[in-house]
Amino acid sequence: MIDDELLKDAEEDAREAEFILAQLPSELKERFSKDTILAMMDYIVEYYYDHDVFDSSDEEIEIDIDEVADYVSRQAAADGLGDYAAADVFFVVQADLDYQLQD
């Protein structure tokens with residue numbers, strides 16, 4: 001059961017990463033690998049948890065995409081993932097939000 005859920009989560013994450021990659025401007029597509037996007041997706045979720053986004057009772061939640069992109073950029077550098085400008089990561093965060101909102 002748990003293995004099935006983990007497999008489903010991994011498959012969903014892979015679909016989301018592919019969606020994000022497809023949404024990136026063409027000049028950025030070569031800079032970001034699927035593995036990089038998956039790691040950045042984790043940083044985005046980490047940011048949301050740290051800033052209580054998931055605990056909000058508001059129907060509409062304001063998310064400062066620039067702030068999230070800065071956070072993800074700093075985490076990527078700190079974890080040795082690479083140096084990514086927050087301006088480039090902005091597109092990853094925006095695509096991640098777009099993916100979440102399409103459901």
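Here, each number is a calculation from the coordinates, and none is a lab measurement. Since this is a predicted model, take the numbers as computed values, not measurements. Neighbour counts run over all protein chains shown; Cβ positions are idealised from the backbone, glycine included.
Given the criteria buried (at least 16 other Cβ atoms within 10 Å of the Cβ), outside any helix (DSSP H, G or I), in contact with a Leu (Cβ under 7 Å, 6 or more places away or on another chain) and aromatic (Phe, Trp, Tyr), does residue 91 qualify? So residue 91 does not fit the description; no. Pairs are defined by a Cβ separation below 6 Å, a sequence spacing of at least 6 or placement on different chains, a first member in region 3-22 that is assigned to a helix (DSSP H, G or I), and a second member that is of a type in the set (Gly, Ala, Ser); the pairs so defined are 20/95. Being part of a loop (DSSP other than H, G, I, E, B) and of a type in the set (Asp, Glu) is a property that residue 62 has. The residues in region 16-58 that are over 21 Å from residue 87 (Cβ atoms) and surrounded by fewer than 10 Cβ atoms within 10 Å (Cβ to Cβ) can be counted, and the count is 6.
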